[in-house]
Amino acid sequence: MARVELNEVAHSYLPKPKQPSDYALKRIHNVWEDGTACALLGPSGCGKTTLLNIVSGLLVPSRGRVLYDGKDVTASPPEKRNIAQVFQFPVLYDTMSVFNNLAFPLRNRGMGETQVKERVLEIAEILDLTPFLQKRAAGLAADAKQKISLGRGLVRSDVAAILFDEPLTVIDPQMKWHLRRKLKEIHERLKLTFIYVTHDQVEALTFADQVAVMFEGEIVQIGSPQDLFENPEHRFVGYFIGSPGMNFLECTVEGTVAQVDGTSIVLNEETAAKASKAKGKLEVGIRPMYLEVHAESADNRVEAKVRMVEDLGSYKIVTLKLAGNTLKASLPEDQPVPEGRAWLAFPLQWTRLFDDGWLIK
Amino acid sequence: MEKWPNNKAWLLVLPVFVIVAFSAIIPLMTVINYSVQDIFGPGQSLFVGTEWYRQMLGDYRLHEALWRQFLFSGLVLLIEMPLGILIALAMPKKGWGVPACLVTIALPLLIPWNTIGTIWIIFTRPDIGLFGAGMNNLLGIPFDHTARLLDAWITVMLMEVWHWTPLVALLAYAGLRAIPEAYYQAARIDGASAWSTFVYIQLPKMRGVLTIAFLLRFMDSFLIYAEPFVLTGGGPGNSTTFLSIYLVKIALLQFDLGPGGAFSLIYFVIVLLFSFIFYQALQRVGKGEKA
């Protein structure tokens, strides 16, 4: 078990990186506390796997240091780091039985056969693999195979952290849910540090206590799932988390009012004051679930056209046109949707302002 | 079982059937036809039943050639399989070295078989050959593949290994390249040694291509003709007379079509039988339920 710390880490796959775009990871400075379940969330190609491979030691970063419990392990190879990694596709030793697969990391480290047996049986019990122990690993279903990959990490009692690289990609939807719960259960039981890479927000938000959202080689925000939803610090977090993602409207700020193509949206005074110093592109952002859709005009409401209504059963997604911009609102199932014209209200506490993608706060 | 009402689809098989008939079935029937007759000349023949089969099965020269053939194929597999895998493991994985290695290694495979025999005749000649003259004059070891049994075998084996190990190496290399990187990463994390990685990841993952390599090398080496025929002509004495060389001697040089036909069929059955046995055995390797 360990606290994993990344100190000013950057990585480029090129031998002599020159400009920032040569870097797959720009600057990562982050600590994962011992025993937490963390997720790394981001789109394909944002550097998640690179970061994970740096933590596991499969890659040595171009710059910066990796510390386990304060000890510098940057130069240590994976076998010296006491970490385990579960890959996207189940990695098994095909010719071996499930038992031998689980025993493999222990035998490689020269553990005695009696201890090996004891440890393997214990872990097999936790993972519900006991009935398959004598079977050949190659013949099992994908979810069982993935559990074996995980088991090879869990058997080692000295394991500092377990890293998951999109481990549920090849699992059937039904088993996905089951396996995710199993992971959560194992985390609660063994209190290991879990670092989980995924591009699926549902996976990340349900699995982790702490989610780091990555975008173009950087961690743009770290926080609890609720934090990420309610207080996105970057445009990308707003867009990537939540379904549908946050609405953004390009605007200019005059006094405490944001002007969007001739319509005015009232802002929080403090935010508006700070916005006057902003230099970049300004955008108003609001989550679809906080955007109010009314049938009548009133103060501080702006007129919009209703373009489309998608009924998803438990809620409805309304597509609206405000001047030249498209907005989405999600409404509870029982609320009627006005036809043709609607008046939108932007509640003060949920209306955010972004300067060049970053939240003004 | 229910019968299909319309069986016209069978007609679609006809073209293939005709081609196979001309390329395989008719020649094979001719051989079978020869093998049960004593042919004196055009239009003059006598049905002799299984006589030629009995004669050939009891022919001590055939027995000798058969054992020679087994020894040869056995040595070929014993040397070429491990050597091919070793070469594949040593080959570069990326960069300009990959195409350079692939082309260099594949070169022997592109040379016509008769030419290979000729190359090795010249290469091993005691008077002017690089190898032969080098052995005799520089190292002082007498070497003459036309006169000494062991030298003839060494030369034939060297030629065969030089000619065909590249095929095994290329197949093994393809198999190695197809292993996803995650397997090696997992092995490193599990603390596996290089040997364990080879035994538990690389070998099992290469099983498919190695089965093909094994069968191809077995069949080809069992049927080998042109290279040893050109190089040694089966000699000195009969020491490198393999089955195919002996068969050609009977069927074409002595023109004994009957015994030649019987021999051909026996030869064919042996190759088929062993290929089948090897295939079955190789399919089962590593599939046992072991604890």
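A short reminder: the numbers here are calculations on the coordinates, not readings from a lab. On a predicted model such as this, the values are computed, not experimentally measured, just so you know. Ideal geometry is used to build each Cβ from the backbone, glycine not excepted, and the neighbour counts take in all protein chains shown.
Numbers for the structure displayed
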read-out: Kyte-Doolittle mean at least -0.5, axial Cα span of 15 Å or more - DSSP H helices of chain A; value: A:98-108, A:113-126, A:142-154
read-out: Ellipticity estimate at 222 nm from DSSP helix runs (n ≥ 4, -39,500 (n - 2.57)) divided over chain A, nearest 500; value: -7500 deg cm²/dmol
read-out: Whole-Hz ³J(HN,Hα) from phi, Karplus 6.51 cos²θ - 1.76 cosθ + 1.60, for segment A:319-330, glycine and proline x; value: 9, 10, 10, 10, 6, x, 9, 9, 10, 10, 10, 10
read-out: Chain B, helix-only ellipticity at 222 nm - DSSP H runs n ≥ 4, -39,500 (n - 2.57), divided by all residues, nearest 500; value: -20500 deg cm²/dmol
read-out: Potential extension, B:LEU57-B:SER45 segment - 0.36 nm per residue separation minus Cα distance; value: 2.1 nm
read-out: q = 0.11 Å⁻¹: log10 I(q)/I(0) that the Debye formula gives for segment A:228-361, counting C-alpha atoms only; value: -0.36
read-out: Alpha carbon centroid spacing (whole Å) that separates segment B:22-95 from segment A:1-55; value: 62 Å
read-out: Paramagnetic reach from B:LEU223 (point 7 Å along Cα→Cβ, amide N under 15 Å) across segment B:20-57; value: B:23-25, B:27-28
read-out: Spin-label pair B:LEU75/A:GLU250, simplified geometry with 7 Å Cα→Cβ offset, distance in nm; value: 8.1 nm
read-out: Anisotropy class of segment B:133-258 from Cα gyration tensor, a/c 1.5 cut; value: oblate
read-out: Spin-label model distance (nm) - A:LEU121 vs A:LYS274, 7 Å beyond Cα toward Cβ; value: 6.0 nm
read-out: Test item: A:86-98 mean partner chain Cβ contacts at 10 Å; value: 6
read-out: When the convex hull of its Cα atoms is projected in every direction, mean area for the protein assembly as shown (nm²); value: 47.8 nm²
read-out: Kyte-Doolittle mean at least 1.0 and Cα axial length at least 18 Å: DSSP H helices in chain B; value: B:60-90, B:97-110, B:149-177, B:257-284
read-out: Cα→Cβ-extended label distance, 7 Å offset, between A:LEU133 and A:LYS361, nm; value: 5.0 nm
